[in-house]
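Novice: I'd like to ask you about the structure that follows.
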There are 2 protein chains.
Amino acid sequence: MPNPLHVTAPEGVPCVDYSREFDAPAAEVFRAHTDPELYRQWIGPRGLETRIDGFDCRSGGSYRFVQRGAEGGDEYAFRGVFHTVRPDALIVQTFEFEGWPDVVTLEYSTFEDLPGGRCRLTGRSVHPSVESREQFLSTGMESGMAEGYERLEELLTGRPAPEGA
Amino acid sequence: MPNPLHVTAPEGVPCVDYSREFDAPAAEVFRAHTDPELYRQWIGPRGLETRIDGFDCRSGGSYRFVQRGAEGGDEYAFRGVFHTVRPDALIVQTFEFEGWPDVVTLEYSTFEDLPGGRCRLTGRSVHPSVESREQFLSTGMESGMAEGYERLEELLTGRPAPEGA
């Protein structure tokens, strides 16, 4: 079994909280969030390919990436700015799916080492309203995140996810 | 009477909503938010002086400013990044008081013209938690905002606020 992704959406508050452990140290999981060549290899669900248009991952930098199916089809673009990038510890950034213009979320990602060369990633997405959070959740965001993190762990450990995971 | 500031803090949701009308067009009120030389003249409560450390007000830019009393004393620094800057219409930016590190809010400011050369500014501050919103409100944020917007209107109209306003 892969490490599970835990997602909670507290009633009435426009946030999504999540956490996941990785069989890799915090510094490596952090680097997979800040290095565009690594990031494009895991972000999003399986079957999508990611093109990085810009990725200046430092406090005050910005990013944009575009995803589409390996067979072609529609493109989905995402962009934002990095408010805080603190090595191996914290990223605070904005996030917008350009298909839903001006619905911007603030994303906190905290990285902490665990014993045995493992780590925990803890995230909070703060939406501009409860309605926008519900809209995001209804798109299958949770399974897309879970697949992305499985790809990330495969990338770092060289281990494919088990059959049926 | 100056134009009033309306502030609401919906129960259980970590947001502060506000609106204020100005006796000036949207383009002018927008410019007072994006031009650092204008911005430093009105942001914050009366009696504080503002020094701009950086103010690159465009989508993907960042800013930092420092305030202190005209007589000296402690300094208060604020910083953030601009996610969207759409001329005369919308600013979406992050905001952090460096004295409360890592408590980052997402700020929406919408500008719309009204008849008679007037306009309405509508804002939403999205906090990372209800607790952080309550902490901000307890600092007298609302009266500081109201004074700042009075200074802004004075700056644009050349009219001082009435006695006792």
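The values are calculated or read from the model by the stated rules, or taken from the named source; none is laboratory data. Not measured: the values here are computed from a predicted model. Cβ atoms come from the backbone with ideal geometry, glycine included; neighbour counts cover every protein chain shown.
Novice: Just a yes or no: is a residue in the range A:64-75 within 12 Å of another protein chain (Cβ to nearest Cβ), of a type in the set (S, T, N, Q) and within 27 Å of residue A:120 (Cα to Cα)? Walk me through it before giving the result.
Specialist: Initial filter on the range A:64-75 (within 12 Å of another protein chain (Cβ to nearest Cβ)): A:64.
Retained after the next criterion (residues that are of a type in the set (S, T, N, Q)): none.
No, because not a single residue in the range A:64-75 is within 12 Å of another protein chain (Cβ to nearest Cβ), of a type in the set (S, T, N, Q) and within 27 Å of residue A:120 (Cα to Cα).
Novice: Could you please give the count of residues in the range B:117-160 that are closer than 19 Å to residue B:93 by Cβ, of a type in the set (Gly, Ala, Ser) and not in a helix (DSSP H, G or I)?
Specialist: The number of residues fulfilling the criteria is 2.
Novice: Something else about it: If I go through the range A:25-56 residue by residue, how many of them are among the hydrophobic types (A, V, I, L, M, F, W, C), more than 19 Å from residue A:122 (Cβ to Cβ) and crowded, with 16+ Cβ neighbours inside 10 Å?
Specialist: From the range A:25-56, those among the hydrophobic types (A, V, I, L, M, F, W, C) are A:26-27, A:29-30, A:32, A:38, A:42-43, A:48, A:52, A:55; that's our starting set.
From the residues that got through so far, the ones that are more than 19 Å from residue A:122 (Cβ to Cβ) too are A:38, A:48, A:52, A:55.
Next cut, crowded, with 16+ Cβ neighbours inside 10 Å only: A:38, A:48, A:55.
Summing the residues that are among the hydrophobic types (A, V, I, L, M, F, W, C), more than 19 Å from residue A:122 (Cβ to Cβ) and crowded, with 16+ Cβ neighbours inside 10 Å in the range A:25-56 gives 3.
Novice: Out of the residues in the range A:96-133 meeting the condition of being acidic (Asp, Glu) and more than 13 Å from every other protein chain (Cβ to nearest Cβ), tell me which one is nearest to residue B:124 (Cα to Cα).
Specialist: Residues of the range A:96-133 acidic (Asp, Glu): A:96, A:98, A:102, A:107, A:112-113, A:131.
From the residues that got through so far, the ones that are more than 13 Å from every other protein chain (Cβ to nearest Cβ) too are A:112-113.
On the way: A:112: 32, A:113: 36 Å.
The residue in question is A:112.
Novice: State yes or no: is residue A:32 more than 17 Å from residue A:148 (Cα to Cα), part of a helix (DSSP H, G or I), touching a residue at least 40 places away in the same chain (Cβ under 8 Å) and not β-branched (Val, Ile, Thr)?
Specialist: Values: more than 17 Å from residue A:148 (Cα to Cα): no; part of a helix (DSSP H, G or I): yes; touching a residue at least 40 places away in the same chain (Cβ under 8 Å): yes; not β-branched (Val, Ile, Thr): yes.
In short, no.
Novice: When residue A:144 is evaluated against the numbered criteria (1) modelled with pLDDT of 95 or more; (2) more than 10 Å from every other protein chain (Cβ to nearest Cβ), which criterion, by number, is the only one it fails?
Specialist: (1)
Novice: Still on this structure, I have one more. So, of the residues in the range A:66-87 that are aromatic (Phe, Trp, Tyr) and surrounded by 18 or more Cβ atoms within 10 Å (Cβ to Cβ), which turns out to be nearest to the chain's Cα centre (by Cα)?
Specialist: Here the answer is A:78.
Novice: Would you check which residues across the range B:37-65 are of a type outside the set (D, E, K, R), under 16 Å from the mean Cα position of the chain (by Cα) and part of a strand (DSSP E or B) and list them?
Specialist: B:48, B:50, B:52, B:55, B:62, B:63, B:65
Novice: Turning to a different aspect of this structure: On the given criteria, is residue A:94 among the β-branched types (Val, Ile, Thr) and either assigned to a loop (DSSP other than H, G, I, E, B) or surrounded by fewer than 19 Cβ atoms within 10 Å (Cβ to Cβ) (or both)? Talk me through it step by step, then tell me what you get.
Specialist: Working: among the β-branched types (Val, Ile, Thr): yes; either assigned to a loop (DSSP other than H, G, I, E, B) or surrounded by fewer than 19 Cβ atoms within 10 Å (Cβ to Cβ) (or both): no.
Judged against the criteria, residue A:94 is not a match.
Novice: While we're here: Please verify whether residue A:148 is surrounded by 16 or more Cβ atoms within 10 Å (Cβ to Cβ), closer than 20 Å to residue B:105 by Cα and touching a residue at least 60 places away in the same chain (Cβ under 8 Å), treating the condition exactly as stated.
Specialist: On the way: surrounded by 16 or more Cβ atoms within 10 Å (Cβ to Cβ): yes; closer than 20 Å to residue B:105 by Cα: no; touching a residue at least 60 places away in the same chain (Cβ under 8 Å): yes.
In short, no.
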